[in-house]
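S.K.: Sharing a structure with you now.
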Amino acid sequence: MIIQMNESKERKVGIILSYFSLIATTIIQLIYTPFLIKMMGQSEYGLYSLVYSVIGYLTVLDLGFGNAIIVYTTKFRAQKKYEEEKKLYGMFKIVFTVIGIIAFLIGIIVFFNINNIFGNNMTSEELEKMRIMMLILSFNLFITFVFSIYSSIITAYEKFSYQKIMAILNTILKPLIMIPLLFLGYKSIAMSIVVTLVNLFVLISNYLYCKKKLNITIKYYGFDNILFKQILGYSFWIFLTTIVDKVNWSVDQTILGIVSGTIAVSIYSVATNFNTMFINLSTAISGVMLPKVTKMVANEATNQELTNEFIKVGRIQFYVMFLITTGFILVGKEFIIWWVGTNFVESYYVTLFLIIPAFFSLIQNLGLSIMQAKNKFKFKSLSTFIMSIFNIVISIALAKRYGAVGAAAGTTISLVICNIILINIYYYKVIKLNILKFWKDIAIMILKMFIPLFITVFLMKIFKGTGLISVIIYGLIYTLLYAVTAYTIVMNKYEKNLVKSIFIKIRKIWGDKFEKNIY
């Protein structure tokens with residue numbers, strides 16, 4: 001019982017710290033990104049974003065093993081199979097090292113072929129910088145794979161507090177180190193080095209945490225072929241989905257780099273920053289739920305129990321995601337103009353193409369965890385793989401004609417077909433989740449939340465404004481109206497109690513501080 005309470009507390013703290021991390025990331029990006037573009041120039045910022053996007057493809061070589069380690073560790077611990085757990089870690093320490101070497105070698109191959117891939121739309125100076133960054137970030141990827149098992153172990157042990165604190169440090173350290181270097185004239189290459197050094201710090205910290213706090217010492221106990229084949233059968237479909245996600249979210253920048261150049265990439269990259277923050281808002285909750293869902297499935301939870309958890313988490317995600325989506329629709333264009341200038345106004349439309357379809361799929365993120373826990377990820381992987389090919393074809397055609405907006409539109413079409421239509425049919429028919437009830441709840445919530453949206457639009461039509469002041473005023477008005485509407489006519493009893501408990505804890509913390517100051 002104590003263990004369950006501790007794990008529940010870790011999940012709650014993990015979610016709170018996730019949102020704190022997102023707030024910190026958002027604030028830093030609001031200040032740091034326009035400064036970065038100004039100091040580096042739009043073209044070089046686009047160049048760095050392009051290299052980072054290319055190197056990101058190699059992260060798929062994880063093959064889904066990181067996720068598999070979380071699931072199998074949770075199962076082994078629940079079943080008290082501690083020897084199997086030790087074998088698992090020893091085996092995958094070797095596997096990840098081999099993967100790291102392969103990733104580095106692929107990076108070297110790309111390094112020698114950069115001229116052939118990107119030579120048509122880039123200068124010789126840009127290509128030379130790209131080669132150097134490719135080498136640095138390939139090494140970064142190598143060390144990430146070598147140490148990646150420790151991050152999976154920490155997640156499986158549900159030590160979310162530590163994990164999120166490290167994420168916050170990671171977010172803060174990079175601009176803190178990079179800003180002085182920008183003033184000294186260093187640009188994209190220095191940024192690649194800083195990213196690598198900060199990542200190394202996080203990876204070593206994870207290793208020390210596992211060794212000192214979790215008492216985990218990884219030794220090689222021999223290669224268990226049966227266990228490896230079993231995990232490979234599970235992880236392959238996670239791996240395939242990871243490839244598809246990487247294609248759907250990153251391929252547009254590569255396509256634009258080839259057919260349009262670095263300016264179009266920089267426009268798309270600004271939109272990607274918003275989209276990444278948007279996705280992270282969703283995974284702040286669902287990202288800490290995989291171990292819990294795995295335990296529920298291992299303990300033979302009913303489909304109704306899983307549906308209830310699915311709806312509960314989805315509704316909570318809705319409040320945050322719908323506010324951000326509609327809020328961006330209202331003031332996003334004016335904000336981007338103020339933030340990074342009129343040269344990036346196209347980023348507003350690119351962002352809309354990315355976040356609107358993403359909203360409908362991200363509030364269902366827990367469904368993916370349920371599929372993973374039930375080992376029924378094959379359909380998701382195959383369907384998204386087919387759609388990713390369609391995405392590439394249509395995005396190339398649209399990017400040539402409409403630039404960054406066209407590339408984003410191609411991604412939108414594939415996301416709607418695969419991540420909304422097909423996946424919901426699968427949830428209903430195969431996973432046996434009550435999807436009709438889920439969408440009935442969401443539809444009612446959307447209709448009610450149109451009230452603050454219409455009021456804000458009406459006010460914006462009457463009292464027109466521009467610039468940051470307008471963004472802040474209407475952003476605050478909408479958020480206030482949204483919060484009041486949500487609490488008074490949308491939230492159920494559980495959600496209202498959740499809000500009350502948060503305010504009680506905040507009041508208690510501030511009350512204790514006030515008493516300490518007095519005495």
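The values are calculated or read from the model by the stated rules, or taken from the named source; none is laboratory data. The shown structure was predicted, so the numbers you read here are calculated from the model rather than taken from an experiment. Note that each Cβ is placed from the backbone with ideal geometry, even for glycine, and that neighbours are counted across all protein chains shown. Just so you know, the surface numbers come from the protein's heavy atoms only, side chains and all, with ligands and any DNA or RNA stripped out. Shrake-Rupley method; radii C 1.70, N 1.55, O 1.52, S 1.80 Å.
S.K.: What is the packing order of peptides 363-369, 224-230, taking the mean over residues of other C-beta atoms within 10 Å and listing the highest first?
M.R.: Taking the mean over residues of other Cβ atoms within 10 Å, the ranking is 363-369, 224-230.
S.K.: Next question. How many percent of the accessible area of the chain is carbon or sulfur, using a 1.4 Å probe?
M.R.: So the carbon and sulfur contribution to the accessible surface is 69 percent.
S.K.: As an exercise, find the ratio Rg/Rh for the chain from alpha-carbon atoms, using the Kirkwood inverse-distance average for Rh.
M.R.: Ratio of gyration radius to Kirkwood radius: 0.95.
S.K.: Taking a probe of 1.4 Å, how large is the accessible area per residue of the chain, in Å²?
M.R.: 47
S.K.: Same structure again: Taking a threshold of 26 Å on the Cα-Cα distance, which of the pairs K164/K213; K75/K493; K229/K376 fall above it?
M.R.: Going by Cα-Cα distance, K75/K493 fall outside the 26 Å limit.
S.K.: For region 482-495, in order, what is each residue's ³J(HN,Hα) by Karplus, 6.51 cos²θ - 1.76 cosθ + 1.60 with θ = phi - 60°, in whole Hz (x at glycine and Pro)?
M.R.: Going residue by residue, I get 4, 5, 5, 4, 4, 6, 7, 10, 10, 5, 8, 4, 4, 5 Hz, with x marking Gly and Pro.
S.K.: Between L459, I27, V313, whose Cα lies farthest towards the positive end of the dipole of the chain when Lys and Arg beta carbons carry +1 and Asp and Glu beta carbons carry -1, centred on the Cα centre?
M.R.: Projecting each Cα onto the dipole axis, the largest value belongs to V313.
S.K.: Quick one: Cα convex hull volume of region 311-466, Å³ per residue?
M.R.: In region 311-466, the Cα hull volume divided by residue count equals 120 Å³.
S.K.: Relative to the Cα centre, what is the charge dipole magnitude of the chain, using +1 at the beta carbon of each Lys and Arg, -1 at the beta carbon of each Asp and Glu, and rounding to the nearest 20 debye?
M.R.: The dipole of the chain has a size of about 1520 debye.
S.K.: Ok, one more. Can you pull out the trypsin sites (Lys or Arg not before Pro) in region 49-152 whose DSSP state is coil and whose Cβ has at most 15 other Cβ atoms within 10 Å?
M.R.: Sparse-neighbourhood loop trypsin sites (Lys or Arg not before Pro): K80, K81.
S.K.: While we're looking at this one, here's another question. State to the nearest 20 debye the size of the charge dipole of region 107-257 about its Cα centre, where the only charges are +1 on K and R beta carbons and -1 on D and E beta carbons.
M.R.: 600
S.K.: When only Cα pairs under 8 Å and 6 or more residues apart are kept, what is the percent relative contact order across the chain?
M.R.: 19
S.K.: Follow-up question, since we're still on this one. Once every DSSP H run of n ≥ 4 in the chain is given -39500 (n - 2.57) and the sum is divided by its residues, what mean residue ellipticity at 222 nm do you get, rounded to the nearest 500 deg cm²/dmol?
M.R.: -29500 deg cm²/dmol, from helical runs alone.
S.K.: Additional query: ³J(HN,Hα) across region 274-281 via Karplus (A = 6.51, B = -1.76, C = 1.60, θ = phi - 60°), whole Hz, x for Gly/Pro?
M.R.: Coupling constants for region 274-281: 5, 5, 5, 4, 4, 4, 5, 4 Hz.
S.K.: Which order do the peptides 176-187, 462-473, 315-326 take when ranked by the mean count of other beta-carbon atoms within 10 Å per residue, highest first?
M.R.: For the peptides 176-187, 462-473, 315-326, the packing ranking is 315-326, 176-187, 462-473.
S.K.: What does the charge dipole of region 397-481 about its Cα centre add up to, to the nearest 20 debye, if the Cβ of each Lys and Arg holds +1 and the Cβ of each Asp and Glu holds -1?
M.R.: For region 397-481, the charge dipole is close to 200 debye.
S.K.: How large is log10 I(q)/I(0) at q = 0.13, 0.17, 0.23 Å⁻¹ when the Debye formula is applied to the Cα atoms of region 77-186, each weighted equally and without solvent?
M.R.: Here the Debye-derived log intensity ratios amount to -0.76, -1.01, -1.19.
S.K.: Which one of G107, I504, V146 is farthest out on the positive end of the charge dipole of the chain, using unit charges on Cβ (Lys, Arg +1; Asp, Glu -1) and the Cα centre as origin?
M.R.: Comparing the listed Cα positions along the dipole, I504 ranks first.
S.K.: Have a look at S124, P357, T412 and report the one farthest towards the positive end of the charge dipole of the chain, computed about the Cα centre with Cβ charges (Lys/Arg +1, Asp/Glu -1).
M.R.: Value computed over the given set: P357.
S.K.: With a point put 7 Å past each Cα toward its Cβ, work out how far N215 is from I143 in nm, to one decimal.
M.R.: 3.1
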